[in-house]
Each structure stands twice: as structure tokens, then as C-alpha cells.
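Asks: Here's a structure for you.
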């Protein structure tokens, strides 16, 4: 039996790879991701990055080139998205950036904060509970080692 046939039969057993949010939204300044892919409007861009090899580790590292160094060419045959739709997506990108632009400063921003994080309080000291770790809540006073006078120095 040919190896391609065997591998083709086994391919259905492999679980699909999950896409992260970066896959679709991408990185705006790099022009990556599904929403920033200029080939949809018939524009191919080269020379976005340069790769340098570290002589000590023998590993390649990618460096972003300046946008002035990028080389682009128009390929109308590759266009699958109209200019109007492309402009609407860019406008939506800007609106989302304005609304959630500061969300990167807070690891648990308001859109991802679990419901119970604002309601729980410590039975010992009355301090607020917060997420510590993947799925744990803990008293913030205890974690910060704040002394509580009524409790004799700690929570």
C-alpha cells in the first residue's frame, strides 16, 4: 500500500489546529493576518522582513524592514475583495482600536474579566478576590501580604 494512501487515511485522526485571535486580526503594522492581507485586493508586498543569522547560535532572526523599503506590485487577477469592502474593514479596525486600544495594558481587561472577580470578597478580612493562576481565586490582601490589624498581622 502506498505511503500517501496510509497517511491520507490517518489525517482524519489528527485534531485540527486551533486558530488564535492573532491569526485573523494579525498585526497591523506588519500587515499580517487575514484582515490585513493585501493580496485580497490584488496587491503583493515583498521585502517586509529581513532575516539575519546569529553567528553564535546559528539561528535566524527576523527583523521588520521600514515600510519605505517594502516592494509592492498590483496583480488585479488576484483581487477577491472590492475596494469598498476593504475600506469598511479598515474603518472597523480603526473604531475597534479606539474602543479597545488601551486593553493591552491590562492582562485581564474588561472584555475578558470573569463575572465573579468583582463580587467575591475574603471571609477573613473583607478584601477583594482576584484571579491568581489559570483557574484560581485568592484574596489580594493575602497575596500582597498586607497586614490587617484586626487579624493580628495577616489574612
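The values are calculated or read from the model by the stated rules, or taken from the named source; none is laboratory data. Because the structure is predicted, anything quoted here is derived from the model rather than measured. Using ideal geometry, Cβ is built from the backbone for each residue, glycine included, and neighbour counts are taken over all protein chains shown.
Asks: Among the residues of segment 43-79, write down those that are within 26 Å of the chain's Cα centre (by Cα) and part of a loop (DSSP other than H, G, I, E, B).
Replies: 47, 48, 59, 65, 66, 70
Asks: In segment 106-145, how many residues are in contact with a helix residue (DSSP H, G or I) (Cβ under 8 Å, 6 or more places away or on another chain) and modelled with pLDDT of 60 or more?
Replies: Residues in segment 106-145 being in contact with a helix residue (DSSP H, G or I) (Cβ under 8 Å, 6 or more places away or on another chain) and modelled with pLDDT of 60 or more: 10 in total.
Asks: Okay, next question. On the basis of being surrounded by fewer than 13 Cβ atoms within 10 Å (Cβ to Cβ) and modelled with pLDDT of 80 or more, does residue 54 make the cut?
Replies: In short, yes.
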